[in-house]
Each structure stands twice: as C-alpha cells, then as structure tokens.
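Below is one structure, written out as structure tokens, with a few remarks after it.
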Amino acid sequence: MDRDTYEMGLSVIKKAGVEHEINFIQSPALSVLDELLEDHENRGSFDFAFVDADKDNYQKYHERLWQLLKVCGIVVYDNTLWYGTVAMPEGSTKEELKPNRLHTVEFNKFLAVDYHFQISQVPLGDGVTICRRL
Ligand SMILES: C[S@@+](CC[C@H](N)C(=O)[O-])C[C@H]1O[C@@H](n2cnc3c(N)ncnc32)[C@H](O)[C@@H]1O
C-alpha cells in the first residue's frame with residue numbers, strides 16, 4: 001500500500017533492468033489476492049511470494065497464496081519471531097507488542113500443521129519462515 005517504499009527501490013530495479021517485469025499494485029493485499037484467484041489461469045502459477053504486511057492477516061494471505069503457488073513454489077513470511085516475543089511468556093512482553101505476538105504465535109501454529117507445505121523457520125532478523133509448497 002506504500003508507493004514511497006516502492007519508489008525507494010525503483011532506481012535499483014531500473015539499474016537491474018527488470019522494471020518491465022514488475023507490476024506494482026497499490027491496494028489492500030487481500031482484495032488483490034482474491035482478484036488473482038478469480039482467474040483460474042493464475043492458480044498454481046506463481047514461483048514466489050514474500051509477505052511482510054499486517055500480521056493479523058497472515059493466515060488469510062496463506063490460505064490464498066497456497067492456491068496461487070506452483071508445486072515447489074516458495075512463500076516467505078517476515079517477522080515470524082516478532083521481536084523474539086513468540087518464545088516469551090505473555091507477561092514479559094511489552095504492551096505494544098502483545099497483539100501481534102498473539103497473531104504470530106497463532107500463525108506459527110497454523111503453519112506448523114499445514115500439510116500443503118514444508119516449512120523452515122530461520123532466526124534471521126525478526127525471523128522469517130520459508131514455506132515450500134508440496
Ligand atoms: C514493514 S512494511 C514492509 C516493508 C517492505 N517489506 C520493505 O522491505 O520495504 C509493511 C508494509 O505493509 C503494508 N501493508 C500493511 N497492511 C497491508 C495490507 N492490508 N495490504 C497491503 N499492504 C499492507 C504497509 O503499507 C507497509 O508498506
């Protein structure tokens with residue numbers, strides 16, 4: 001939803017000569033994913049997705065993305081350690097981190113039992129979870 005961030009990277013994108021490969025869509029992500037799903041040709045056609053948006057919607061993104069990814073396609077979720085709070089008791093978590101801590105704990109549990117994916121949680125930065133579509 002943030003065009004400024006896209007424009008910050010645009011010079012690098014241009015330098016790499018891949019501007020023609022990019023379709024920047026400025027919109028709430030769920031509605032875009034739903035539109036993509038309406039066209040059956042999009043299903044099972046994506047190689048890669050990176051999710052770094054509103055944590056309370058990660059499960060909804062995942063439910064759509066698994067249908068859009070190819071078998072062996074990858075989706076990467078950012079912030080899946082949520083400042084390390086997912087491994088802390090609720091009581092030791094700063095107030096402002098609590099809501100997304102809960103969303104992230106629930107999302108991590110949901111991913112752990114999703115038989116559509118093989119997953120690996122990597123403790124890089126704020127934690128990324130790499131999911132390979134089976
Ligand atoms: C942490 S920033 C991502 C930064 C980006 N990954 C980068 O490295 O520049 C989160 C971004 O998600 C966007 N965002 C939050 N909720 C969204 C939603 N429902 N749909 C689409 N984008 C959303 C915000 O506008 C913000 O640009």
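Values quoted throughout were computed directly from the atomic coordinates according to the rules given, and no laboratory measurement underlies them. Just so it is clear, the structure is predicted and the values come from calculations on it, not from any experiment. Reconstructed Cβ throughout: ideal geometry from the backbone, glycine too, with neighbour counts over all protein chains shown.
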LYS70 label point, 7 Å along Cα→Cβ, cut-off 11 Å on backbone N: hits in the range 14-48? 44-48
Applying a 10 Å radius around every beta-carbon, put 9-16, 78-85, 54-61 in order of their mean neighbour count, most first. 78-85, 54-61, 9-16
May I ask what percent, to the nearest 5, of DSSP beta bridges between residues of the range 3-133 are antiparallel? 70 percent
If you add up the charges near ASP34, with Lys and Arg at +1 and Asp and Glu at -1, over every other residue whose beta carbon is less than 12 angstrom from its beta carbon, what do you get? -2
Lysine pairs with alpha-carbon atoms under 25 Å apart, the range 1-111, spacing 8 or more or separate chains: 10
Potential extension, ARG132-THR5 segment - 0.36 nm per residue separation minus Cα distance: 43.0 nm
If the label point is 7 Å along Cα→Cβ of VAL122, which residues in the range 10-52 have backbone nitrogen under 15 Å from it? 48-52
